[in-house]
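Peer 1: Sharing a structure with you now.
The values are calculated or read from the model by the stated rules, or taken from the named source; none is laboratory data. Keep in mind that what you see is a predicted model, and the values were worked out from it rather than measured. Positions of Cβ are generated from backbone atoms using ideal geometry, with glycine treated the same way; all protein chains shown enter the neighbour counts. The area values use the complete protein model at the heavy-atom level, side chains included, leaving out ligands, DNA and RNA. Shrake-Rupley method; radii C 1.70, N 1.55, O 1.52, S 1.80 Å.
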Amino acid sequence: MAGRAAAAHRRRFRLIRVAGLGGLLVGVLPVFLGASAWAAPRTPTAVTTTAMGQAAARDTAPKKVTARWEFDREAEAGANSVPGGPAMTLGGGAKLVPGAGFMGEGGLLLDGKRGYASSAVPVDTGTSFTVTAWVKAASDPTRRMTVVSAAGNATSSFRVDFVPDRAQVPGGDAWEATMARTDTTGGTTVSATNVGGWNSATDWNHLAVVYDASAQQLRLYVNGQLGTAACFDDDKDGAADDPQCVPAVPWADHARSFTPPRSLQVGRAKSQGTFGDHWSGAIDDVWTFQGALSHDQIGRLAGEWDGLPTEVPNVPEAG
């Protein structure tokens, strides 16, 4: 219950409206910017990327739950709640521990050195898909750590990471989703960066990576939010005060991916043909969907903590 209370507290972050972005709401935490950030008005530099109204392109293809690993059955640690869905295999000392998760009775604990869980890939990442999970770091991360990925021969088709102290990103720490176009080392990638809607990686956070193939867009939600941070422009000259500052934007356009021939990986990713960036902490309630879930569907997965049925979230259609 303490973890859920912390998660509820985490959701109360301050929102500001960014000028020039068609009403885009940007979640910026005071701890990122320091107390002085709220002491006087500051005008963020406009983000020169897709506006939010265009970012939420809707994939109209039918959606389907292909896997859900709740990590609640100690006798069947990698059991899949979707009939016929692939089971997870735990390796490298990964453990299912009662009481260690956010949802249900248990959670997956990983040591940050060798632990991981893997299964056959339950979605085609070359078309629209969604992957979600609850995660909590064991301590404040000091290196890149991977929550989930899909492994090819040389690299991951997609990966979701926590990246501490990322240079030139407002606030430094960030969650990041990356998609590779080809299964090659050093190939073209795109990344979506989310810095809003959370206080700490050591809290429970809900992550959702959504790939909309029809829009060629990758989106990363944290606790149901597309949290963005812009660069400051105190002198109002239309350019960032720090010329090296890069706005943190939780979606990436022109995203395309290959279909990974290997496996879905929880707690590590593949790069240059080798697995690494192991997660240290707990991971719980991992879902995969074929199809791009909507903002409201992601919101339901992030906000409904008890008795959530294993099905595509049923939410009223907007409009």
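Peer 1: Any residue that is closer than 28 Å to LEU110 by Cα, outside any loop (DSSP other than H, G, I, E, B), open to solvent by less than 20 Å² (accessible area, probe 1.4 Å) and modelled with pLDDT of 80 or more - is there at least one of those in segment 222-243?
Peer 2: The answer is yes; a qualifying residue exists.
Peer 1: Further question: So in segment 133-144, with the set limited to residues that are open to solvent by less than 10 Å² (accessible area, probe 1.4 Å) and of a type outside the set (Val, Ile, Thr), which one is farthest from HIS206 (Cα to Cα)?
Peer 2: Ranking the candidates gives ALA137 first.
Peer 1: When the residues of segment 179-195 are narrowed to those that are touching a strand residue (DSSP E or B) at 6+ places or on another chain (Cβ under 9 Å), β-branched (Val, Ile, Thr) and touching a residue at least 12 places away in the same chain (Cβ under 8 Å), which ends up most open to solvent (accessible area, probe 1.4 Å)?
Peer 2: THR185
Peer 1: Residue by residue through segment 251-287, note down the ones that are touching a residue at least 12 places away in the same chain (Cβ under 8 Å), over 27 Å from PRO313 (Cβ atoms), part of a strand (DSSP E or B) and not small (Gly, Ala, Ser).
Peer 2: LYS270, PHE275
Peer 1: What are the residues in segment 70-125 that are assigned to a loop (DSSP other than H, G, I, E, B), touching a helix residue (DSSP H, G or I) at 6+ places or on another chain (Cβ under 7 Å) and open to solvent by 30 Å² or more (accessible area, probe 1.4 Å), if any?
Peer 2: none
Peer 1: Please give the number of the condition GLY152 fails out of (1) open to solvent by less than 20 Å² (accessible area, probe 1.4 Å); (2) within 16 Å of ALA255 (Cα to Cα).
Peer 2: The failed condition is (2).
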